[in-house]
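Input: a single structure, listed below in structure tokens.
The values are calculated or read from the model by the stated rules, or taken from the named source; none is laboratory data. Treat the numbers as computed from the prediction; the structure is a model and nothing was measured. Cβ coordinates were reconstructed from backbone atoms using ideal geometry, including for glycine residues, and neighbour counts include every protein chain displayed.
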Amino acid sequence: MSLRGRRDNVAPTLGTMQVLVVACGRTYLAIPGAIVRGVVEFGDAVEARIVSLFGEACRVTDLAARLGLPPAVLTPDMRIILCGEHRARQAWRVDRTLGIEDVDLQTITPLPPHFVGVEQSWFTGMFLFRDTVALMLNAGWLMSQSMDAFVAKTLAEGTMLEEQHVLAQAPGETDEETPPAAMGGHRLRKPTETAAGEAASLDVLESLVLEESTDVEDNQAPWADA
Amino acid sequence: MLRTTRHHGQTPEAAKPWSLVLCSVGGKRIAVRTEEIGGVSPWTEAMPVPSLTPYVNAVVRQGDEILPVYDLARLLMVQVPKTERLCLRAKRQDGPMAVCIDADVPTLHQVDAKAIQPAPSGMPGVIGSCAIGEEEVPIYSWTALWKSTV
């Protein structure tokens, strides 16, 4: 199903900003299209704790929980939004996607000054969306979040340990903890149980390797038709 | 002498009767000065906004306008019935806010300034109280509320 809906093939125009509108509970959030690299929507993937984007592992974070909203409950509508900018990678789990909007920049208003907390750094503004409102997420904040660097480091350490473990074995000997072979482009990986304490504390159960579309740079939001 | 009228703590403003709007929030009666009220309209569903600002964690859409919601019911530790609600538009210097109140239509009252009692301690946002009918009603001020809760 296209996320573009009735806006099929309409390129963003000057003075507009393309956003992906998602829902976390009853809150509608708009993610700037410029940082969206993909939408994972198939069943098993939404339960992934770690995904790989551009070959780098990043942890899947529940967006609602990160914002202090009630955490999402796993449903078939749930999606993982893959975000990337420069070297930063993020993966956010949301309740559902509502589609792509080309938002007129002039219609985006700042969060009211009555909000005086850290939330002012979470949102760059808000705009009228359908019969309600959508909050524009701050791309900078979104991309600066989390533990992904930490996870990538610990996964790399885990991989190194795996490799050392494999190298230490005699040639031809199999290892139950070796990641399974690629399956249809989606390779499941379990970090080794021998990975040092930090990795174990992350409760990393599985990872899903996703590759970015080849036409990601054509500014036509390839993820829109996911 | 210019200061004459302020002697004895009396000002022309203080001598005027207070014009108050009486409404209820979760069954609790409260009064607010009319100059701090921008109107009353039907309540529309609020959208939660992730927020660390105390009592401000939603917005409500009123036509093409988006108002932050001040959760007065939570401050008063009551609940407004979900089926019957009104939106009280609270005037503030930095912009209006929406306050969810009970469906009982607010009423206007003129109260003699001398009948206003000092604010009881320990009630944030209350600038005084007065008797309306047989009931002693706290008078809230958004500005005072803001200073004491946010």
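Details
Residues checked against (1) in contact (Cβ under 8 Å) with a residue 40 or more places away in the chain; (2) away from chain B (no Cβ under 14 Å); (3) crowded, with 21+ Cβ neighbours inside 10 Å:
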{"residue": "A:Leu29", "(1), (2), (3)": "yes, no, yes"}
{"residue": "A:Arg49", "(1), (2), (3)": "yes, yes, no"}
{"residue": "A:Leu63", "(1), (2), (3)": "yes, no, yes"}
{"residue": "A:Asp77", "(1), (2), (3)": "no, yes, no"}
{"residue": "A:Arg93", "(1), (2), (3)": "yes, yes, yes"}
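- The test for being in contact with a His (Cβ under 6 Å, 6 or more places away or on another chain) and either on the phi < 0 side of the Ramachandran plot or basic (Lys, Arg) (or both) does not hold for B:Val105.
- Residues within region B:122-132 that are over 16 Å from B:Ala73 (Cα atoms) and either of a type outside the set (Ser, Thr, Tyr) or part of a loop (DSSP other than H, G, I, E, B) (or both), tallied: 6
- Taking the listed residues B:Ala58, B:Ala103, the one that is in contact (Cβ under 8 Å) with a residue 12 or more places away in the chain, hydrophobic (A, V, I, L, M, F, W, C) and within 27 Å of A:Leu67 (Cα to Cα) is B:Ala58, with no other qualifying.
- Scanning region A:83-107 for residues that are in contact with a helix residue (DSSP H, G or I) (Cβ under 6 Å, 6 or more places away or on another chain) and at pLDDT 90 or above gives A:Cys83, A:Trp92, A:Val94, A:Gly99, A:Ile100.
- Strands (runs of 3 or more DSSP E) completely within region B:57-121 that count 3 or more residues being facing chain A (nearest Cβ under 10 Å): B:65-70
- Enumeration of residues in region A:122-156 that are surrounded by fewer than 15 Cβ atoms within 10 Å (Cβ to Cβ) and either modelled with pLDDT of 95 or more or among the charged types (D, E, K, R) (or both): A:Arg130, A:Asp131, A:Lys153
- Number of residues in region A:95-121 that are in a strand (DSSP E or B) and either of a type in the set (Gly, Ala, Ser) or surrounded by fewer than 20 Cβ atoms within 10 Å (Cβ to Cβ) (or both) equals 6.
- Residues that are among the β-branched types (Val, Ile, Thr) and modelled with pLDDT of 95 or more within region B:30-52 comprise B:Ile30, B:Val32, B:Thr34, B:Ile37, B:Val40, B:Val49, listed in sequence order.
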